[in-house]
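See structure below.
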Amino acid sequence: MMDTAYIGRLGSDPLAALGVCTSIFYISFYGFLATKTASTTLVASASSKEEAKLVALTSLQLGLAAGCLVLLILRMFGPQCLGAMGIDASSNIYPHALKYLSTRCLSAPFFLIITVAEGALRGYGDTKIPLLASMATASSMAALEPLLMFVLGWHIRGSAAAMGLSQVVGALVYAHFLRKRFDGKKSQDEGKNVDSTVLTKGKILATIARANASMILKQGSLLFTWAYATKTAAKFGSEHVAAHQVALSFWMVSVFSHYLFISSSNTIFSNDSCSFLSQVFAYILDSVSVGAQILLSKARTRKSLDEVRSVTKYMTSVATIQGLVITLIIAGLTPYIPSFFTKDAAVIAQLKTLLPIISIQQVLISLTFVMEALAAGGGQFALLGIGTAVSAFVAITLMSSASSVLEIWNGGILAMFLGRFAAATLGVLNVNALLPRFKVSFIKRGKTQ
């Protein structure tokens, strides 16, 4: 949120450059969210503490390796990546985008360590450390961005550097607390489990790879759709892609509420366990989904159908209420949001057409996140992957004929969420044993003794 607000003060071209780079980073970074999602489920359903530790450590190693690979590719092929997004060297957006891309990519290993560490801690049911890491990251960003952008005069490169350095801080927080968790004294029972375990790193890698395969299809389809949306908006002019960036990024700002809500949801339910506008509220709406995935994974491990259905009912109700609340919040902020992020009249005009659409979509988005989390907690990875891929195809087909950024959001993006919701709902019905032909054999009614 902060980078969008600050860069918006530099003009529509830098803001549009941020939108293009954001899509590139989505493709480069968030493709590995599959590892995060799979790690959450695998750690939560681990048969022993030692097995959970092995899963977490292996996932972190994968994240570090993936981050180094992303760094290498973006540094070597940055101009080509911009060209693939429709921004060539003759564009006014190009120099701003290249500065941002070449600087921020340096933090790729740290970002992916944060991503995987968060997934592992979710599986442990620990939401306090992710909250602390997020606070440290946001505080660092708030202090560094105005200093580097305006005091030192680095402008858009300063924003990218501030983002990267803040992610280094977040990664260090995770590293400190994970080391304490892993180096802590083992209980007597845990020591016995270590000797009897037959797990090896190779087996953990194979398990994560199998879980990731469908999630990579899901995440890849989703990221390609967002990138295509940005590329389509870029064809309409800098004011369109700038408005699209503000709309999409808005989902990301509520990361603090995200973790606070997760903690409350877990405590209440279980005692044993325009681009900027959209992304801010996506994190708020995703808050319930984190708790949903953890709780359903644990219920599934305990083989309790009653508990699975109770989790599903509770989380679906909360998601609906949450979506309605966010709808009202966006509606109330609509008169003030555009001028907060930019002074460009053309961008403001585009945002005024986008905000009502984004507001209306919030209930659907909230339910989609929660249903996908419940399906993931129930191991329905293949269905989620195929469903998202089909939804992405429909969305891209609709966006290919769009003539404005409004049609991108009201057509393709809406279709994508509708398709994802339908696929996730099938998965949740299956986990709840409500689809006879997809019988869930590992669940029994009531808790096993």
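Assuming residue 284 fulfils every condition listed in (1) among the hydrophobic types (A, V, I, L, M, F, W, C); (2) modelled with pLDDT of 65 or more; (3) buried (at least 24 other Cβ atoms within 10 Å of the Cβ) apart from one, which condition is it? The number of the failed condition is (2).
Of the helices (runs of 4 or more DSSP H) that lie entirely inside the stretch 40-137, not one contains 2 or more residues that are over 30 Å from residue 299 (Cα atoms), modelled with pLDDT under 85 and of a type in the set (Val, Ile, Thr).
Exactly one residue among 9, 104 is of a type in the set (Lys, Arg), under 23 Å from the mean Cα position of the chain (by Cα) and closer than 27 Å to residue 351 by Cβ, and that residue is 104. Against the list (1) part of a helix (DSSP H, G or I); (2) buried (at least 16 other Cβ atoms within 10 Å of the Cβ); (3) small (Gly, Ala, Ser), the condition residue 143 fails is (2).
One residue is enough: does the stretch 158-167 have a residue meeting the conditions over 21 Å from residue 8 (Cβ atoms) and either among the polar types (S, T, N, Q) or surrounded by fewer than 18 Cβ atoms within 10 Å (Cβ to Cβ) (or both)? Among the residues of the stretch 158-167, at least one is over 21 Å from residue 8 (Cβ atoms) and either among the polar types (S, T, N, Q) or surrounded by fewer than 18 Cβ atoms within 10 Å (Cβ to Cβ) (or both), which makes the answer yes.
The set of residues in the stretch 11-27 that are closer than 21 Å to residue 107 by Cβ and either out of contact with any Ser or Thr (no Cβ under 8 Å at 6 or more places or on another chain) or surrounded by fewer than 24 Cβ atoms within 10 Å (Cβ to Cβ) (or both) comprises 14, 17, 21, 24, 25, 26, 27.
Answer with yes or no whether residue 358 is surrounded by fewer than 24 Cβ atoms within 10 Å (Cβ to Cβ) and either part of a helix (DSSP H, G or I) or in contact with a strand residue (DSSP E or B) (Cβ under 7 Å, 6 or more places away or on another chain) (or both). For residue 358, the condition - surrounded by fewer than 24 Cβ atoms within 10 Å (Cβ to Cβ) and either part of a helix (DSSP H, G or I) or in contact with a strand residue (DSSP E or B) (Cβ under 7 Å, 6 or more places away or on another chain) (or both) - is not met.
Annotation note: of 397, 388, the sole residue that is part of a helix (DSSP H, G or I) and farther than 26 Å from residue 318 by Cα is 397.
It is to be established whether one or more residues within the stretch 78-85 are buried (at least 22 other Cβ atoms within 10 Å of the Cβ) and over 20 Å from residue 232 (Cβ atoms). No, every residue in the stretch 78-85 fails to be buried (at least 22 other Cβ atoms within 10 Å of the Cβ) and over 20 Å from residue 232 (Cβ atoms). Scanning the stretch 207-239 for residues that are crowded, with 19+ Cβ neighbours inside 10 Å and modelled with pLDDT under 75 gives 208, 211, 212, 214, 215, 216, 219, 223, 238, 239.
Yes/no per residue for (1) outside any loop (DSSP other than H, G, I, E, B); (2) modelled with pLDDT of 90 or more; (3) β-branched (Val, Ile, Thr); (4) touching a helix residue (DSSP H, G or I) at 6+ places or on another chain (Cβ under 9 Å):
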{"site": "402", "(1), (2), (3), (4)": "no, no, no, yes"}
{"site": "410", "(1), (2), (3), (4)": "yes, no, no, yes"}
{"site": "428", "(1), (2), (3), (4)": "yes, yes, yes, yes"}
{"site": "434", "(1), (2), (3), (4)": "no, no, no, yes"}
{"site": "441", "(1), (2), (3), (4)": "no, no, no, no"}
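The residues of the stretch 106-128 that are open to solvent by less than 20 Å² (accessible area, probe 1.4 Å) and over 24 Å from residue 47 (Cα atoms), listed by number, are 107, 108, 109, 112. Looking across the stretch 368-399, just one residue is at pLDDT below 90, open to solvent by 20 Å² or more (accessible area, probe 1.4 Å) and within 29 Å of residue 337 (Cα to Cα), and that is 369.
Within the stretch 148-166, the residues that satisfy the criterion of being part of a helix (DSSP H, G or I) and touching a Gly at 6+ places or on another chain (Cβ under 8 Å) are 148, 149, 150.
Answer yes or no: is there a residue in the stretch 336-345 that is closer than 30 Å to residue 292 by Cα and of a type outside the set (Gly, Ala, Ser). Looking through the stretch 336-345, none of the residues is closer than 30 Å to residue 292 by Cα and of a type outside the set (Gly, Ala, Ser). Scanning the stretch 294-327 for residues that are open to solvent by less than 10 Å² (accessible area, probe 1.4 Å) and not small (Gly, Ala, Ser) yields 294, 295, 296, 308, 311, 315, 326.
If you go through the stretch 333-355 and keep only what is part of a helix (DSSP H, G or I) and open to solvent by 30 Å² or more (accessible area, probe 1.4 Å), you end up with 333, 339, 340, 345, 346, 348, 349, 350, 352, 353. Restricting 37, 103, 58 to residues that are of a type in the set (Ser, Thr, Tyr) and open to solvent by less than 20 Å² (accessible area, probe 1.4 Å) narrows the list to 58.
The values are calculated or read from the model by the stated rules, or taken from the named source; none is laboratory data. Please read all numbers here as calculations on a predicted model, not as lab measurements. Note that we place each Cβ from the backbone using ideal geometry, even for glycine, and neighbour counts take in every protein chain shown. In case anyone asks, the SASA skips ligands and DNA or RNA and just uses the protein heavy atoms, side chains included. Shrake-Rupley method; radii C 1.70, N 1.55, O 1.52, S 1.80 Å.
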